[in-house]
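> Below is the structure I would like to discuss, written out as structure tokens.
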Amino acid sequence: MVDTSELYARGLRRRKKMFGEAEVEKRMTAAGVFGAPLQHIINAYVYGDIWERPGLSADVRSLVMLGITAASNKPAEFRVHASGALANGCSKEQVQDVLLLVALYCGVPAAIETTRIAAEVFGETAPAAPADAAKP
């Protein structure tokens, strides 16, 4: 058994490697002190334990996460994991194939927004303008 502090440190290193130090710090402080316990769980158990298991490579885990977040209609988390997939060496063709599977097995609407997000992350389109930016 590894102690929680080691899991936390290991998870934080992985998370920063995948998403960048600034993005991780932003996400870790977004909910202030109230969110600190959840961030501890995310670092220690999600990234320090599950993401470190030897059964799947980091790129395969990223593809699985993209399928899960697309199928469960979590576009904000999909965007985060699409960036992580890019950092983990996933190709745009692999991501596209995951989203086609999501479309066929979960329904086309589940893949529409996430396909647009993936295109942005992989540099295929310009980022969407914020909704209020279009107002005169």
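> For a quick check, take a GNM of the chain with Cα springs below 10 Å and name the residue from Val80, Val60, Val33 with the largest mean-square fluctuation.
Val33
> I'd like the carbon and sulfur percentage of the solvent accessible area for the chain, probe radius 1.4 Å, heavy atoms only, ligands and nucleic acids excluded.
The C+S portion of the solvent-accessible surface of the chain is 63 percent.
> Among Gly48, Gly11, Gly89, whose mean-square fluctuation peaks in a Gaussian network model of the chain (Cα, cutoff 10 Å)?
It is Gly89.
> I've got another one for you. With the dipole of the chain worked out from charges on the C-beta (+1 for Lys and Arg, -1 for Asp and Glu) around the Cα centre, which of Gln94, Ala111, Leu38 lies farthest toward the positive end?
Leu38
> Kindly report the accessible area of the chain per residue (heavy atoms of protein chains, probe 1.4 Å, no ligands, DNA or RNA), in Å².
61 Å²
> In addition: Would you mind classifying the chain by shape? Square roots of the alpha carbon gyration tensor eigenvalues, ordered a ≥ b ≥ c; an a/c under 1.5 is rounded, otherwise it is prolate if a/b is larger than b/c and oblate if not.
oblate
> If the elastic network links every pair of Cα atoms under 10 Å, which of Gly32, Gly20, Gly67 fluctuates the most in the Gaussian network model of the chain?
Answer for the Gaussian network model of the chain: Gly32.
The values are calculated or read from the model by the stated rules, or taken from the named source; none is laboratory data. It should be emphasised that the depicted structure is a prediction, and the values quoted were computed from it without experimental measurement. Glycine gets a Cβ as well: all are built from the backbone with ideal geometry, and neighbour counts include every protein chain shown. Just so you know, the surface numbers come from the protein's heavy atoms only, side chains and all, with ligands and any DNA or RNA stripped out. Shrake-Rupley method; radii C 1.70, N 1.55, O 1.52, S 1.80 Å.
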